[in-house]
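Colleague: Right, I'll just put the structure down here and ask away after.
No lab work stands behind these numbers, since they all come straight from the coordinates. Keep in mind that this is a model prediction, so the values were computed, not measured. Glycine also receives a Cβ, built like all others from the backbone with ideal geometry; neighbour counts cover every protein chain displayed.
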Amino acid sequence: MVDVSNALPNLPHSYPFRFLDKVLELEEGRGVGIKNVTINEPFFQGHFKENPIMPGILIIEAMAQIAGIVLHHNKKDKTAFIARVKDIKFKNPVLPGDQLKITANIVLSLPPLTQFAVKAFVEDDIVAEGEIVLASEG
């Protein structure tokens, strides 16, 4: 296990497009991050006004961001881009007040592509899972 305190600055994203608040674990080939979902998130203003739900595409982006941190940990100074999103299944909605715990594990690395198994949880319930492939350059 490594010091995770400097992991978030390695993301090229900043507010309002950073969907990770904290990295809990980071080791060779895997990582775990947290997104605290609050009613103040800008997307809740329109998704949906009477029934606020975190958009699935933003859950996918949070998964890609923790995968990018894992990739950066493995291959320093690499910039990564989403190359493929495969078989993402949404099982439960993510609501204001939830804490999203996101895991990313490297399944296969054939540079410049790296495939990750990703999961998002609220407490012990899986809310989304699937695969993301990142392409790295640099």
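Colleague: GluC sites (Glu not before Pro) within segment 93-138: which are DSSP loop residues with at most 11 other Cβ atoms inside 10 Å?
Modeller: Taking segment 93-138 and a limit of 11 other Cβ atoms within 10 Å, the loop GluC sites (Glu not before Pro) found are GLU123.
Colleague: Provide Rg over Rh for segment 8-137; use the alpha carbon set for both Rg and the Kirkwood Rh (inverse mean inverse pair distance).
Modeller: 0.96
Colleague: When we measure straight from the Cα of LYS78, which lysines land under 29 angstrom away, once same-chain ones fewer than 8 places off are left out?
Modeller: Those lysines meeting the cut-off are LYS22, LYS35, LYS86, LYS89, LYS101, LYS119.
Colleague: Per DSSP H run of at least 4 residues, take -39500 (n - 2.57); add these up for the chain, divide by its residues and hand me the 222 nm value, nearest 500 deg cm²/dmol.
Modeller: It lands at -4500 deg cm²/dmol.
Colleague: In a Gaussian network model over the chain where Cα atoms closer than 10 Å are linked, find which of GLU61, GLU25, GLU50 has the largest mean-square fluctuation.
Modeller: Taking springs between Cα atoms under 10 Å, the residue moving most is GLU50.
Colleague: How much length, in nm to one decimal, is gained on full extension between VAL107 and GLU137, taken as 0.36 nm per residue of separation minus their Cα-Cα distance?
Modeller: Contour length minus the Cα-Cα distance gives 8.9 nm.
Colleague: Just going by the charge dipole of segment 11-138, with Lys and Arg at +1 and Asp and Glu at -1 on Cβ, which of VAL94, MET54, ILE82 is farthest out on the positive end?
Modeller: ILE82
Colleague: Something else: Ignoring the sites themselves, what is the longest stretch of the chain with no chymotrypsin sites (Phe, Trp or Tyr not before Pro) in a DSSP loop and at most 15 other beta-carbon atoms within 10 Å?
Modeller: With a cap of 15 other Cβ atoms within 10 Å, the longest stretch comes to 49-138.
Colleague: Enumerate the aspartates and glutamates that LYS76 could reach by cross-link, defined here as Cα to Cα under 16 Å, with residues fewer than 8 away along the same chain left out.
Modeller: ASP3, GLU27, GLU28, GLU137
Colleague: Helix 56-74: angle to the longest alpha-carbon principal axis of the chain, degrees 0 to 90, nearest 10?
Modeller: 20
Colleague: Hey, another quick one. Rounded to the nearest 5, what % of the DSSP beta bridges within the chain are antiparallel ones?
Modeller: Around 100 percent antiparallel, to the nearest 5.
Colleague: Right, next: Over the chain, what relative contact order in percent results from Cα pairs under 8 Å that are six or more residues apart?
Modeller: Computed value for the chain: 25 percent relative contact order.
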